[in-house]
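Shown next, in structure tokens, is the structure this report addresses.
Values quoted throughout were computed directly from the atomic coordinates according to the rules given, and no laboratory measurement underlies them. Worth saying up front: this structure is predicted, and the values here are computed from it rather than measured. Here the Cβ positions follow ideal geometry from the backbone for every residue, glycine too, while neighbour counts run over all protein chains shown.
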Amino acid sequence: MTCWNCERDARDEAVCGFCGKLQPLARDADHFTVMGFSRRYAVLRDEVDTRFRELSRRFHPDRLARESAEERRIALQRTVALNDAYRVLRDDVKRGEYLLKLWGIDVGAEKSGQASAIGLGGGFLMEMLERREALLEARAAGDRGTEERLFAEAREARAAALERAAAGLDEEEEKGDRKEGAGPGAGAGADAGADAETGAVAVAGALAGEGAGRLGEVAREFARIRYYARFLGEAADD
Amino acid sequence: MTDEQQHRVSGLIQVDDPLETKEPVAKPIGIDLGTTFSLVAHVSCGRPAVIADGARRALLPSVVHYRRDGGVDVGDDAVARAIDFPEDTIASAKRFMGKGADDAETRRLGSYRFAAGAGPVVRFAVAGEGGAAARSVSPVEVSAEILLALRARAEKAFGAAVGGAVITVPAYFDEAQRQATKDAGRLAGLTVLRLLNEPTAAALAYGLDKKQNGLFAIYDLGGGTFDISILKLVDGVFQVQATGGDTALGGDDFDRAVAARLLEAVDSRPAGLIRAALAAAREAKHRLTEATETVIEFEYNGQRFKTRLVRDEFDTLIRPWVERTAATCRRAMKDAGCAPGDLDGVILVGGSTRVPLVRRFVRDLFGKDPFADIDPDQVVALGAAVQADLLAGTGPRDEVLLLDVTPLSLGLEMMGGVVEKIVPRNSPIPTSAAQVFTTYADAQTGMEIHVVQGERDLVADCRSLAHFTLRGIPPMPAGIGRVKVTFLVDADGLLQVTAEEETTHTAQTIAVTPTYGLTDEEVLRMLLESYERAEGDVRERALREQRVEAARILAATESAMAADRDLVTAELDAAMGAAMKTLRDAAAGTNADAIRAAIAALDEVAVPFAEARMNRAIGSAVRGKSVDAVLEKDRG
């Protein structure tokens, strides 16, 4: 990339090696690139936190109060991108869903009514329905004990689903060269440069060709996690 | 993020002003605009310090009195008039910032007179030229008077203009309340460098003082607002993990609870009585910090009220309010993913944390003794001064960085009145987030965008921030048109929303002006009015000066005439008598120029008398001096 200030080759560095000016973020940078991580699921929360502080220190516009307006604008662009990346990567669920999205599977495209299409199975939905009914009954009866037990079970089920999803993602990463973004769903065009928001296709579509792929199972786990999260949302926000 | 989104984000930012000012700003200040008291501080020789007034008072009561002659008193002068003019003296205006005319706050115990039918914003009817309820002022205008007084105080101390200001706000202030605060700053002629969350400001003051890394809870209970923030400090980076609060909970509520008890047996409660009871309740609250019992005594209209209050009873009265903070604290810890045991310290901020019950409650809740070694009244202003110094580029503290979060989720109304959250609460700011929506009808050419703030799932339960319509979508079958809505929250926590139809790039951007906020036109009108008033102030000062001068000359002339009565001829007596009457009449009027002319006329007719006195005085020292100087000798 050409430096906006001295017009020499700044390469992909954050700061131009010739004039020392801060460079804008590459336009196709995904959240992992923004935070300087390789594209994999297994990132520790502590690593994310530490990297976030390091990068904030370097690029936050408040630190560049005496620099030119252009540099502070670039700093702001980098900081907004960093904050967005941090919000996603520090969260085990969001990070997993985002990774799937980069590989072309959009768990978020699943809306009510489409669940069976992505193969959650009637069994799962029946199970959730039963949980909800049991919750309503417990509430009507003022049975706090049962209520708490239902939430505890849902929390456990969610944790187990996340564990399975994480294992699935780790396995896929080990298996191959997914670092560069070539996942099973990449045929949909979700390479590093594509719009993560819109380039991904719905799970239903992505899985049509992939069927029983490991990632399909991971996507289903994340879809289930969403159901558990919604159920747990019913718990009094203390 | 996508290409065009980033492009847009950096493009949008240009609208915001602080980035355009590259030069270090001279004399930055930090202002704590509090419900009960306000303070101003600055950094001098690398240390933050509060700026006191001429009488060495650091705290400026956040009270504004509107006089019947159109003048305005702020602070202690206003407090002095509160009992006699309860409705023309506005206290706790902060509780009404960004609030609608029908807000619950308007129905609680207080001595306000609300202006009816004055639009969606709360307005107080106060005195002005023309008598009682001659004008109506918004909470923003009241706050601007307080900021103006603090600015004047700082400028007097510096002997120079103030460059820019960091103004603190409760962390849990919503978009409308923040916008209102920024408007007040603009109205007071301040360049607002940043709206800084109060607990974060306090942490900055503490963190720099203690130089200790760790995870801290900041429990901030002020006069009218409560905040809890969980903050991690690592080597100078202050990272807010989660925040929560209640913008209508504070020491004022303790006073009201006690005042309500004082007035229990009273049927008729005029505004002056309520104000007197609130003042007595507040003093009793202060005494009960040390004492275990106190006698509350006050008088209104010749009627005496006397009650004994023991601390246990006081605790019972205020306990419901104190306990309301517990759930908020637990939720903040849950959001931050921590338990009380993970905390390295709890910091107390705000005058209400002096109440023994509050201290005990905090200790029990977090399981440790809280820090309170920096004056809880001053700590926020000190932190704001440090941040102002950093942002103005005048400070050397390169090692310090504040990273704050959004207090409330931001979202959009979906079909069926359901909220889709776009930016979840406790997201680090500045931040952006986008969501794509598809058109739902064939040949749909517009899309209604309704921006809301809050945690609830239904639009009806959230705060409505703005409505706008994206037009010009080309006719397409349902589900084909794609509208991307991007939220951008800046470092002040203020929001900007962009909607764009992706196939045609039809875009619309709005800086969200909350439903209860002020439009740019309103701010402009108020600014113009304040200029007019400033002009009025100049005129009034001239008038007062001339009146004083007239009184001085009349008194001096009378005493000289009495002393040298024999020198006053009948002719002189008639002429001077007429001139003196003219001057008295002019001084009773409001025309400063007329008074000046009458003074000159009296001086002129008095010349023969003055000369005669001069001759009598003989002394060579007197000779050669002007007539005026001779008269002056007696005027002394």
Post the alpha-carbon centroid distance, the stretch B:153-205 to the stretch A:24-38, in whole angstrom. 35
For B:THR191, B:THR590, what's the fewest-to-most ordering of other Cβ within 10 Å of each Cβ? B:THR590, B:THR191
Most to least packed among A:164-170, B:89-95 [average Cβ atoms within 10 Å]: B:89-95, A:164-170
Ordering of B:67-75, B:36-44 by packing [mean C-beta count within 10 Å, highest first]: B:36-44, B:67-75
Shape call, chain B: gyration tensor on alpha carbons, a/c limit 1.5: prolate
Farthest towards the positive end of the dipole of chain B, among B:THR289, B:ALA434, B:ALA594 and with Cβ unit charges of +1 on Lys and Arg and -1 on Asp and Glu, lies the Cα of B:THR289
Long-range HN-HN contacts of B:ALA171 with modeled amide H, under 5 Å: B:GLU198
With +1 on the Cβ of every Lys and Arg and -1 on the Cβ of every Asp and Glu, and nothing else charged, how large is the dipole of the stretch B:352-401 about its Cα centre, in debye rounded to the nearest 20? 340
Segment B:ARG304-B:HIS467, extension gain: residue separation times 0.36 nm, minus the distance between their alpha carbons: 53.3 nm
So what is the relative contact order of the stretch B:251-316, in percent, for Cα pairs below 8 Å that sit 6 or more residues apart? 26
Mean Cβ neighbour count within 10 Å, used as a protection proxy, ranking A:82-92, B:559-569, B:153-163, B:172-182 highest first: B:172-182, A:82-92, B:153-163, B:559-569
For chain B, with the dipole built from +1 on Lys and Arg beta-carbon atoms and -1 on Asp and Glu ones, taken about the Cα centre, which of B:GLY236, B:LEU402, B:SER268 lies farthest toward the positive end? B:SER268
For B:THR316 and B:ALA161 in one chain, what is 0.36 nm times their gap in residues minus the Cα-Cα distance, to one decimal in nm? 50.9 nm
If the only charges are +1 at each Lys and Arg Cβ and -1 at each Asp and Glu Cβ, what is the size of the charge dipole of chain B around the Cα centre, to the nearest 20 debye? 1300
How charged is the neighbourhood of B:LYS156? Take every other residue with its Cβ under 14 Å from the Cβ of B:LYS156, and add Lys/Arg as +1 and Asp/Glu as -1. +3
Shape of the stretch B:176-260 from its Cα gyration tensor (a ≥ b ≥ c, root eigenvalues): rounded if a/c is under 1.5, otherwise prolate when a/b > b/c, or oblate? oblate
For residues of B:328-336, the mean tally of beta carbons on other chains within 10 Å: 1
Of the lysine pairs in the stretch B:75-217, how many meet both conditions: Cα atoms under 28 Å apart, and a spacing of 8 or more in sequence or different chains? 4
What is chain B's relative contact order, in percent, from Cα pairs under 8 angstrom and six or more apart in sequence? 12
Where labels lie 7 Å past Cα in the beta-carbon direction, separation of B:ASP593 and B:GLU129 in nm: 1.6
How high is the relative contact order of the stretch B:406-517? Use alpha-carbon pairs under 8 Å, at least six apart in sequence, and give a whole percent. 25
Is there a quick way to get the dipole size of the stretch B:251-316? I mean about its Cα centre, with the Cβ of Lys and Arg at +1 and of Asp and Glu at -1; what is the value in debye to the nearest 20? 200
Taking square-rooted eigenvalues a ≥ b ≥ c of the alpha carbon gyration tensor, is the stretch B:406-517 rounded, prolate or oblate, where a/c under 1.5 means rounded and, failing that, a/b exceeding b/c means prolate? prolate
Specify which residue in the list A:GLY17, A:LEU44, A:ALA29 is farthest towards the positive end of the charge dipole of the stretch A:1-90, using unit charges on the beta carbon of Lys, Arg (+1) and Asp, Glu (-1), about the Cα centre. A:LEU44
